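The values are calculated or read from the model by the stated rules, or taken from the named source; none is laboratory data. Quantities reported herein were computed from a predicted structural model and do not represent experimental measurements. When we count neighbours, we look across all protein chains shown, and the Cβ atoms used for this are built from the backbone with ideal geometry, even at glycine. Quick note on the areas: whole protein, heavy atoms, side chains included, nothing else; ligands and nucleic acids left out. Shrake-Rupley method; radii C 1.70, N 1.55, O 1.52, S 1.80 Å.
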Amino acid sequence: MRPDGSPHPWGGNVSEAPHAAPVRAPAGNGGAAAGGRPTGAPIDLLVIGGGINGAGIARDAAGRGLSVVLCEQADLAQATSSASTKLIHGGLRYLEQYEFRLVREALIEREVLLGNAPHIIWPLTFVLPHVSKLRPAWMVRLGLFLYDHLGGRKRLPGSRGVDFTKDPFGAPLKDDVRKGFAYSDCWVEDSRLVVLNAQDAREHGAEVLTRTACRRARRGDDGLWHASLEAAGPGGADRTFTARAVVNAAGPWVTQVLGQVTGVNRPVGLRLVKGSHLVVPKLYDGDQAYILQNDDRRIVFAIPYERDYTLLGTTDKLYESDPGQVEIDADERAYICRAANRYFKRQVNPDDAIWHYSGVRPLYDDANENVSAVTRDYVFDVDGGFGKDSEGDGGDGTPPLLSVFGGKITTYRKLAEHAMDKLLPLLGTRGRSAAPAWTEHAALPGGDIANADFEGYLADLQHRHDWLPAHMARRYARAYGTRTERILAGAASLDDLGPHLGDELYGAEVRYLQQHEWARTADDILWRRTKLGLHLSEATQDALAAHLGETAGARTGAGARLKSARSQGVAAK
């Protein structure tokens, strides 16, 4: 209790501030059955995989009234979906590969997502230095014209030519880089996008089980899937479900789930392509990003990152090892640095990197010999079904299995809609009773900001909580949007935010992430719910781990990579 007798903001009841979204009690991992169904009754849909595709499909299905369970073997977005270049974009280079449908869909979705999640998605200007021997100017202008007009651009400015001898965009570039172009796309906090979709799925009745692997799923004589789920770690309970349908959205593990978990043999191929990134001390001032052309016709991005840094990447490299153990190699480090050094005055070398991350793109194998040209479009594989979809798939009278190959983070919402278009006809009468598509105009949690005006919301938040330091207010608003009100509810000072763990990390935020965003470990919070791992001192990170009951030295993955960089003395340049 606070001194005035009111509930403590990080230990009592939550009241809503004027801009907050309505509170709906989460189902939780151990709560009521998904969709309010009777305990033990079949669920409509079991989704395997807690990346962006799985979370998006679970959200879409739950909002249509289906009972849904999503299981993820690790943390949400722990693999590919937190290792992207963090862009919501059409993919300018895909025009060269004649992927017009993919680019158009992505550009349309860019507008949709910018309106639905303006706290974690925002406009970004991209500067493209021109190198005539790589692509002639007319080709670039034509590509940018198509890029401006394919997707019905409404919110973002169009492209333009840039004279680097006069424009400030030229300041970081070498003197021989004299002309180029500028266009617009968007930034996204990728792992938070996954979590927000999972949140919305839960708030529409889905059950979300993290650190819970589906070990076996088999079709029964009763027309249902019978699935066994195994929880990891203390406090987790193994579960069994019967389901009318299964969605395999396991990303790099999609073929493993097909063969080993469901026992289904399908003639589909998966191409794993590794992409790696370096995070280096800031290479230039300004909010603009640069898109850098290479002699191999690939591109590398340089993007302002987390206030103090520049994000460089990505690579395209065929990968054939364990997707859970992917790491950048020396060739990739050198490749990224060469690309940056070709254009920027300030040179960079691999030892300058304070952090790195890598992910594996699970692409549909279209037999293209050029790894960079393998399609980024998504492909569905359907097995079984109690009816046929519009393309004639399904209809053998067995419970359906839909597997997802490929996809871009930008088109995840449309992928989810298309997945439901495929799946609902296969569910027979249950599918026909489902509600129609609904996500296009539905804000993600925290994104219900009037007119998608983030700066206006931030100004109002600071006015109502004038005791909150401006940089904290911006960080909270960027991460949580209107859900910031739940963290701050009842607080009138920093002391009201609970234990201060150091570096302006407070117990109220940690508690919110535990209760509402499935955070269990320090790495969950430092690297996937936020990127505070780049900013907090070791002492604060250790205090967080202790607060969560972790033993000393338990952090792995991203946290371990940063600690390794610091131990080599290259983290603070």
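Assorted remarks:
- Once backbone amide H atoms are built at 1.01 Å from N, Arg216 has Ser228 as its partners under 5 Å, excluding neighbours fewer than 5 places away on the same chain.
- Unit Cα scatterers, Debye sum, the range 212-284: log10 I(q)/I(0) for q = 0.13, 0.16, 0.17, 0.26 Å⁻¹: -0.54, -0.70, -0.75, -1.22
- Partner lysines for Lys388 [C-alpha distance under 29 Å; skip if fewer than 8 residues away on the same chain]: Lys408, Lys414, Lys422
- Ellipsoid equivalent to the range 100-232 - semi-axes via the Cα gyration tensor, in Å: 45, 17, 16
- His500 versus Asp453: modelled label distance in nm, points set 7 Å from Cα along the beta carbon direction: 3.4
- Bins of 10 Å from zero: percent of alpha-carbon pairs in the chain: 3, 17, 28, 27, 17, 6, 1, 0
- Relative contact order of the chain, taken over Cα pairs closer than 8 Å and 6 or more residues apart, is 19 percent.
- Exposed GluC sites (Glu not before Pro) absent - longest run of the chain, DSSP non-H/G/I/E/B, at most 11 other C-beta within 10 Å: 1-319
- One equal scatterer on each Cα of the range 53-107, no solvent, Debye formula: the resulting log10 I(q)/I(0) at q = 0.29 Å⁻¹ is -1.05.
- The Cα atoms of the range 96-139 give a gyration tensor whose axes a ≥ b ≥ c have a/c of 1.5 or more with a/b no greater than b/c, which makes the shape oblate.
- For Ser433 and Ala74, the FRET efficiency from 1/(1 + (r/R0)^6), where r spans their Cβ atoms and R0 equals 41 Å, is about 0.75.
- The shape of the range 410-564 can be summarised by an equivalent ellipsoid whose semi-axes, obtained from the alpha carbon gyration tensor, come to 34, 23, 14 Å from longest to shortest.
- Legend: residues Trp138, Trp187, Trp122, sorted from most to least accessible area (1.4 Å probe; ligands, DNA and RNA excluded), read Trp138, Trp122, Trp187.
- Carbon and sulfur %, accessible surface of the range 336-435 computed with the full protein complex present, 1.4 Å: 45
- Value of Rg/Rh across the range 456-546 [Cα atoms, Kirkwood radius]: 0.94
- Additional length obtainable on full extension of the chain from Arg297 to Leu134, 0.36 nm per residue less Cα span: 58.0 nm
- Whole-Å semi-axes of the range 330-478's equivalent ellipsoid (Cα gyration tensor): 40, 31, 11
- One equal scatterer on each Cα of the range 114-157, no solvent, Debye formula: the resulting log10 I(q)/I(0) at q = 0.27 Å⁻¹ is -1.04.
- Considering only alpha-carbon pairs that sit under 8 angstrom and 6 or more positions apart, the relative contact order computed for the range 357-451 is 23 percent.
- Pairs of Lys in the range 127-279 closer than 20 Å at Cα, counting only those 8 or more apart or on different chains: 4
- Using a Förster distance of 30 Å, the FRET efficiency for His226-Ala442 (Cβ separation, nearest 0.05): 0.35
- The range 150-225 - Rg (one decimal) and Dmax (whole number), Cα, Å: 24.4, 73
- Mean residue ellipticity (222 nm) of the chain, computed from DSSP H runs ≥ 4 via -39,500 (n - 2.57), nearest 500: -7500 deg cm²/dmol
- You can think of it this way: the chain between Lys388 and Thr165 has 74.2 nm of extra reach, that is 0.36 nm per residue less the Cα-Cα gap.
- The distance linking the range 327-344 with the range 216-278 is 36 Å (Cα centroid to Cα centroid, whole angstrom).
- Whole-number percent relative contact order across the range 256-324, with pairs defined as alpha carbons under 8 Å at least 6 apart: 34
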